[in-house]
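The values are calculated or read from the model by the stated rules, or taken from the named source; none is laboratory data. Since we're looking at a predicted model, the values are computed, not measured. Cβ placement follows ideal geometry from the backbone for every residue including glycine, while neighbour counts extend to all protein chains displayed.
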Amino acid sequence: MARAAIVLAAGLGTRMKSSRHKVLHEVCGKPMILHILDELARLRLDQVVVVVGQQGEAVTAVIGDRAETAYQAEQLGTGHATQVALPVLRGDVDTVVVLYGDAPLIRAETLERLLAEREGTGAAAVVLSAELDNPAGLGRVILAADGSVERVVEEKDASPAERQIRLVNTGVYAFRTADLADALSGLTNNNAQQEYYLTDTLAILRARGRLVRTLRVEDADEVASVNDRVQLAAVEAIARRRICERWMREGVTIVDPERTYIGADVRIGRDTVILPGTFLEGQTTVGERCVIGPHSRLTGAEVADGATIEYSVVRDSVVGPDASIGPYAYLRPGSRVGARVKIGDFVELKNATVGDDSKVSHLAYLGDAEVGRRVNVGCGVITVNYDGEQKHRTVVADDAFVGSNVNLVAPVVVGEGAYVCAGSTITDDVPADGFAIARSRQVTKPNYVKNWKQTRRRADGPDARRQVSLAGDSRSPE
Ligand code: UD1
Ligand code: CA
């Protein structure tokens with residue numbers, strides 16, 4: 001008894017007013033179509049077919065090897081789209097779920113119930129329905145006296161009385177494959193939109209004496225669909241809440257779930273605290289006992305246990321255990337920060353490694369750099385990694401000390417245990433345990449200011465005194 005699913009995703013979704021296909025719009029950072037395919041994967045069906053059409057190549061590229069595709073050249077309606085998928089369907093598929101690519105919140109458990117209902121009752125079709133306070137825009141399910149389904153009427157074709165009905169078609173169905181094929185061949189497009197409606201198969205099956213049932217979805221949020229950007233935001237809000245709830249149940253503290261944005265594929269360890277205004281995106285993983293936020297954005301980050309990240313941005317970078325990032329740090333792609341490292345305020349890292357127990361406490365830029373363990377990088381240190389044409393690497397070995405306001409002009413190596421004096425511009429390698437100072441010597445002139453002021457007073461009289469400027473005056477008192 002093979003089972004399959006057909007996902008309809010050929011229509012562009014004109015109400016989105018987008019150059020991007022509707023099913024490629026993201027919900028919690030993941031294209032809608034992938035939400036559905038990931039959920040279908042949990043069902044372990046024998047086959048999944050996606051019907052593509054407009055922007056078929058873009059949609060197929062996102063689908064990858066998660067499903068087979070069928071091509072609907074012209075969008076003649078949901079019934080026609082389903083028909084296009086039939087030749088691709090394996091011969092032994094007994095029950096097929098049909099659903100739409102614009103409703104990304106459906107759960108595998110609900111689909112399993114729908115399949116079981118179809119198989120258990122021997123019905124030709126089971127349509128998933130929902131009782132809504134506001135059914136506007138959706139097809140209404142008309143029930144027979146015995147509770148079976150008589151037909152589904154689209155809102156555009158419905159009479160005023162039918163529009164009062166609050167039981168809607170969610171656009172999710174389980175069909176006996178043979179009955180579906182049979183009914184599809186009988187479709188016409190004699191309706192307000194001149195389309196071949198999949199929904200009409202239900203009335204056709206009933207007319208042929210077959211049983212059509214409905215199953216009500218427990219949680220109407222699950223079947224929310226996206227036709228425009230307002231609905232996209234509504235679906236996003238539901239998905240966001242769901243993801244936060246999932247992680248809270250797994251032992252993560254989320255102080256304000258309404259202001260926390262966790263992507264669908266993110267993973268978070270126990271006893272981690274997520275503070276408001278935080279975005280965890282892409283394939284980000286956060287370990288246990290971390291504190292992330294407030295107001296931080298992590299994309300493709302790998303954060304080990306016990307790390308803290310405050311008011312910072314981390315992209316495609318690794319943060320080691322018990323490291324402390326921010327406030328106001330920026331870790332750009334390719335950065336790796338070791339255990340117990342401190343990356344403080346206004347520090348930018350790009351493609352830079354900072355070894356265990358090192359400190360970059362404030363106002364520094366490390367680009368294309370390899371910093372060892374137990375290194376102190378002072379305030380205002382800059383790796384001068386770009387000569388206008390090429391990028392060069394800076395290496396600072398273990399236990400080195402780089403004083404404040406140092407320029408490390410790459411390519412350059414500061415050896416193990418070496419000491420670079422504050423204010424130096426380092427252009428030559430510093431050997432291990434060496435000391436480098438590269439700045440002009442200080443000149444100190446005792447009583448310089450006092451003498452200078454006296455000279456001026458004598459020369460110019462009281463009025464000129466008001467205009468005295470030390471820096472701007474070229475005349476020397478000496
Ligand atoms: C559809 C249902 C409606 C239901 C609602 C639930 C029909 C006729 N109507 O309406 O009863 O309440 O969904 O959300 O089925 N598609 C194709 N090829 C086509 C036409 C559509 O692949 O030729 C795809 C679209 O890309 C979309 C899905 O089918 O993903 C649904 O089409 P859409 O136009 O959004 O249907 P609704 O008007 O929302
Ligand atoms: Ca729709």
Q | Residue that is nearest to residue 78 (Cα to Cα), among those in region 116-156 that are of a type in the set (Gly, Ala, Ser) and near ligand 1 (Cβ under 10 Å from one of its atoms) | A | 139
Q: Test residue 229 against the criterion of being at pLDDT 95 or above, within 16 Å of ligand 2 (Cβ to nearest atom) and among the basic types (Lys, Arg), and give yes or no.
A: yes
Q. When you look at residue 101, is it in contact (Cβ under 8 Å) with a residue 60 or more places away in the chain, crowded, with 21+ Cβ neighbours inside 10 Å, over 25 Å from residue 41 (Cβ atoms) and of a type outside the set (Phe, Trp, Tyr), yes or no?
A. no
Q | Options 422, 459, 418: the member that is farther than 16 Å from residue 394 by Cα and in the same structural domain as residue 390 (by TED's automatic domain parsing) | A | 422
**Q.** The listed residue being more than 10 Å from ligand 1 (Cβ to nearest atom) and under 19 Å from residue 156 (Cβ atoms), out of 207, 203, 220, 233
**A.** 203
Q) Here are 217, 303: which of them is among the hydrophobic types (A, V, I, L, M, F, W, C) and in the same structural domain as residue 101 (by TED's automatic domain parsing)? A) 217
Q. Right, residue 215: more than 13 Å from residue 150 (Cβ to Cβ), in contact with a Gly (Cβ under 9 Å, 6 or more places away or on another chain) and in contact (Cβ under 8 Å) with a residue 12 or more places away in the chain or not?
A. no
Q | Where a residue in region 170-191 is in contact (Cβ under 8 Å) with a residue 24 or more places away in the chain and its partner, wherever it lies, is within 16 Å of ligand 2 (Cβ to nearest atom) and among the basic types (Lys, Arg), with Cβ under 9 Å and at least six apart | A | 191/156
Q: Sort out which residues of region 96-109 are closer than 20 Å to residue 200 by Cβ and more than 16 Å from ligand 2 (Cβ to nearest atom), and write them in order of number.
A: 96, 97
Q. Among (1) touching a Gly at 6+ places or on another chain (Cβ under 7 Å); (2) closer than 18 Å to residue 242 by Cα; (3) basic (Lys, Arg), where does residue 315 come up short?
A. (2)
Q.
Tell me whether region 179-187 contains one or more residues that are within 12 Å of ligand 1 (Cβ to nearest atom), more than 35 Å from the chain's Cα centre (by Cα) and more than 19 Å from residue 106 (Cα to Cα).
A. yes
Q) Looking at region 403-423, which of its residues are part of a strand (DSSP E or B), more than 42 Å from the chain's Cα centre (by Cα) and farther than 15 Å from residue 375 by Cβ? A) none
(Q) Are there helices (runs of 4 or more DSSP H) fully within region 1-115 with at least 3 residues that are within 13 Å of ligand 1 (Cβ to nearest atom) and out of contact with any helix residue (DSSP H, G or I) (no Cβ under 6 Å at 6 or more places or on another chain)? List them. (A) 78-85
Q. Out of all the residues in region 72-91, is one or more within 20 Å of residue 225 (Cα to Cα), crowded, with 23+ Cβ neighbours inside 10 Å, under 29 Å from the mean Cα position of the chain (by Cα) and at pLDDT 95 or above?
A. no
